[in-house]
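Just so you know, all these numbers are worked out from the coordinates, no wet-lab data involved. Computed from a prediction, not measured in an experiment: that's the story for all the values here. Note that we place each Cβ from the backbone using ideal geometry, even for glycine, and neighbour counts take in every protein chain shown.
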Amino acid sequence: MRDKIKEYLEKGILVSPDMTEADLGNIPEKQEGQPATETTPIRKEDKKHPAHRRKVEVVKTYEEQSAKKDLMDFVNTYNSRYLLLQSILMGRRELEHAMSIRKCKTAQEGEQVSLIAMIMDVSVTKNDNVMLVLEDQTGTIKAVVTKNNKDLHTQAKDLTPDEVVGVGGMKGNDIIFLNTIVQPDVPLTKELKKSPDAEAAVFISDIHIGSQVFLRKEFEKFISWIRGETGDAAQKELVSKIKYLFIVGDLVEGIGIFPGQEKELEVEDIYGQYRQFSDYIKKIPEHITIILCPGNHDPVRIAEPQPELPSELIPELVSKENIILVSSPSIVNIGRTAAFSGIDILLYHGFSFPYYASSINSIRQAGGLEATENILKYLLKRRHLAPTHGSTQYQLGYDGDPLVIEDVPDILATGHVHRISVDTYRNVTLLNCSCWISQTKYQERRGLMPQPAWAIYIDLQTRKTTKINFESK
């Protein structure tokens, strides 16, 4: 049934949660002559691209699009999100009898009910109970979690508006007393995939070339290392396995990003910043495929998905066979062979992270932006990179919701907060990459302490992760 829902969703057909599998089989196809919905599709990597010879496939990346948006684009994005996450949740045993809110309202008081809904609002009553307002395509209903159910109460306090959940409980008078909350989450059966080949990937981000506090010496040490020019025999053995380098946004410092930034620039011209960046990247051996993802300091829109870098900024790089440009977010598959499905890497710069670090109490108390792994786990559980409206800026008009984590990746690689973090959640490797810039005055005013000059190395054959420091002693 999930596959059928997904099929109709891709055709732009919205499906009611009241429909049975038999109903789904009777939906008529679009007739000839009917106008098509104008959207910009996800671009699949061209089969002729040299990346395919390098065992790299861009599975999803989003191009710039400028079609006029209207209210229906907003509605369609949220409908698409709901239906896709609903299809994931419908596979959960606890929700096999899930009903629509309309049907739930007709249930008898005291009856056990379950449903799948989007959260409109979360609040805490004066008695410390958690009150939810739930919504689906048929209506809204309130639900409550009492403080007496400690584990569920803790889970409910971490819920955020606009996430999609499954719930179960006892029907009251136009309210549900919850005893279950189910999130889309990562399946417990998620495989820890390992490459059959002896190869490795390196992850960095937030280089910020053009800033007065760009760590030039440290970054040049990294370039020398990845070229195999420095390090002992063990280090050179590691380097010999590197086949992929991922740079997860903020390649340069940019122009006009925050007030007073012009006083902190070493290179005031955006083209000059990218010329310096290109000069460094050209020094990396061409057998290493380099995947470039944008961030909020790069000259693309802030609204997500952020499109690929403009090729005119890096003309010397885009003509090279080992350079691949992707959006944020994007999915890249590496290492695929006839006998191995490859390793899927979800790249996301991380613009939504500050919102969750400050708005979700459990994340804030555990360290906020200084413990980014908690944010990554939080978002994976919700299968969305920015579920709450306002946690990031959305670019409407794409098919579906580009920030939904439809397929669980093997590696989730992020940046943005200038700190290094490596963790694992249900066999998904979670990375928050370091930066190559010391503390700016802007960061100092906001109490942000960077952890610069680290690279993350992953042996794809063992999935062992190593943090390598390039700070000058």
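How much of the DSSP bridge set in region 200-469 is antiparallel, in percent, rounded to the nearest 5? All intermediate terms of the calculation are to be shown ahead of the outcome.
Working: 24 of 48 bridges.
Approximately 50 percent, going by the DSSP bridge assignments.
Given a Förster distance of 41 angstrom, what is the FRET efficiency for MET90 paired with ARG301, based on the Cβ-Cβ distance and rounded to 0.05? Walk me through the numbers on the way to the answer.
Working: r = 35 Å, r/R0 = 0.84.
Calculated transfer efficiency: 0.75.
May I ask for the net charge around GLY249, where only other residues with Cβ less than 15 Å from the Cβ of GLY249 are counted and Lys, Arg are +1 while Asp, Glu are -1? Working shown, then result.
Numbers: positive: ARG301, ARG419; negative: ASP206, ASP250, GLU253, ASP298, GLU304, GLU308.
Around GLY249, the surrounding residues sum to -4.
How many percent of DSSP beta bridges within the chain run antiparallel, rounded to 5?
Working: 55 of 84 bridges.
Just about 65 percent of them are antiparallel.
Given points 7 Å out from each Cα along the Cα-Cβ axis, report the GLN461 to ALA107 separation in nanometres with one decimal.
Once both label points are built, they end up 5.4 nm from each other.
For region 336-427, what class follows from the C-alpha gyration tensor (a ≥ b ≥ c being the square roots of its eigenvalues): rounded when a/c is under 1.5, otherwise prolate if a/b is larger than b/c, else oblate?
Details: a/c = 2.16, a/b = 1.30, b/c = 1.67.
Taking the square roots of the gyration eigenvalues as a ≥ b ≥ c, region 336-427 is oblate.
Please state the relative contact order of the chain as a whole percent: Cα pairs under 8 Å, 6+ residues apart? The partial results should precede the final answer.
Working: 997 pairs, mean separation 84.6, N = 473.
Relative contact order, the chain: 18 percent.
Please report the antiparallel percentage of DSSP beta bridges with both residues in region 378-440, rounded to the nearest 5. Could you put the intermediate results ahead of the total?
Details: 6 of 10 bridges.
Taking every DSSP beta bridge within region 378-440, about 60 percent pair in antiparallel fashion.
Pick out, in residue order, every one of the trypsin sites (Lys or Arg not before Pro) in region 77-127 that is DSSP loop and has at most 10 other C-beta atoms within 10 Å; say none if there are none.
Numbers: sites: ARG81, ARG92, ARG93, ARG102, LYS103, LYS105, LYS126; in loops: ARG92, LYS126.
Sparse-neighbourhood loop trypsin sites (Lys or Arg not before Pro): LYS126.
Would you mind counting up the charge near ILE207? Only other residues with Cβ under 11 Å from its Cβ, with Lys and Arg at +1 and Asp and Glu at -1.
Within the 11 Å Cβ shell, the charges total -4.
Provide the gained length on full extension for the span SER359 to ARG336, in nm with one decimal, where the gain is 0.36 nm per separating residue minus the Cα-Cα distance. Let's see the in-between values first.
Details: separation 23, 0.36 × 23 = 8.28 nm, distance 3.93 nm.
Result for the pair: 4.4 nm of gain on full extension.
Using every alpha carbon pair in region 200-469, what percent of pairs falls into each 5 Å bin from 0 up to the bin containing the largest distance?
1, 6, 13, 18, 20, 18, 13, 8, 3, 1, 0
Order by neighbour count: GLU96, GLU264, fewest other Cβ atoms within 10 Å first, most last. Mind dumping the intermediate values first?
Working: GLU96 9, GLU264 15.
Ranking GLU96, GLU264 by Cβ neighbours within 10 Å, fewest first, gives GLU96, GLU264.
Would you work out which of VAL75, GLN443, CYS293 lies farthest towards the positive end of the dipole of the chain, given +1 charges on the beta-carbon of Lys and Arg and -1 on that of Asp and Glu, about the Cα centre?
GLN443
Treat the count of other C-beta atoms within 10 Å as a stand-in for reagent exposure and order ARG419, ARG301, ARG54 from fewest to most.
If I rank by nearby Cβ atoms, fewest first, I get ARG301, ARG54, ARG419.
Under 8 Å for C-alpha pairs, at least 6 residues apart: give me the relative contact order for region 279-395, rounded to a whole percent. Provide the component values of the computation, followed by the final result.
Values: 145 pairs, mean separation 26.5, N = 117.
It rounds to 23 percent for region 279-395.
State log₁₀ I(q)/I(0) for region 194-255 at q = 0.22, 0.27 Å⁻¹ as given by the Debye formula over alpha-carbon point scatterers of equal weight, solvent excluded.
-0.95, -1.15
Tell me the GluC sites (Glu not before Pro) within region 97-154 that lie in a loop according to DSSP and have at most 16 other beta-carbon atoms within 10 Å. Don't skip to the end; give the middle numbers.
Numbers: sites: GLU109, GLU111, GLU135; in loops: GLU109, GLU111.
Filter output for region 97-154: GLU109, GLU111.
Rounded if a/c is under 1.5, else prolate if a/b beats b/c, else oblate: with a ≥ b ≥ c from the C-alpha gyration tensor eigenvalues square-rooted, which is region 261-345? Please list the in-between numbers first.
Numbers: a/c = 2.82, a/b = 1.59, b/c = 1.77.
Verdict is oblate for region 261-345.
Tell me the mean residue ellipticity at 222 nm calculated for the chain from its helices only (DSSP H runs of n ≥ 4, each -39500 (n - 2.57), averaged over every residue, nearest 500).
Numbers: 13 runs with 108 residues, N = 473.
Taken over the chain, the calculation gives -6000 deg cm²/dmol.
For the pair LYS69/ASN469, report the inter-label distance in nm, with labels modelled 7 Å from Cα in the Cβ direction.
The modelled label-to-label distance comes out at 4.3 nm.
Starting from the Cα of SER240, step 7 Å toward the Cβ, then list every residue of region 194-214 with an amide N under 13 Å from that point.
198-199
In nm, what is the difference between 0.36 nm times the number of residues separating GLN393 and ASP151 and their Cα-Cα distance? Intermediate values should be presented prior to the final figure.
Values: separation 242, 0.36 × 242 = 87.12 nm, distance 3.26 nm.
Fully extending the segment from GLN393 to ASP151 adds 83.9 nm.
State whether region 187-305 is rounded, prolate or oblate according to the following rule on the C-alpha gyration tensor (a ≥ b ≥ c being the square roots of its eigenvalues): a/c under 1.5 gives rounded; otherwise a/b larger than b/c gives prolate, and the remaining case gives oblate.
Working: a/c = 2.66, a/b = 1.45, b/c = 1.83.
Judged from the Cα gyration tensor, region 187-305 comes out oblate (a/c at least 1.5, b/c at or above a/b).
Given labels modelled 7 Å from the Cα in the Cβ direction, how far is it in nm from ARG445 to THR424?
Placing both labels 7 Å beyond Cα along the Cβ direction yields 4.3 nm.
Aspartates and glutamates near LYS150 by alpha-carbon distance under 12 Å, same-chain residues fewer than 8 away left out - which ones?
ASP128
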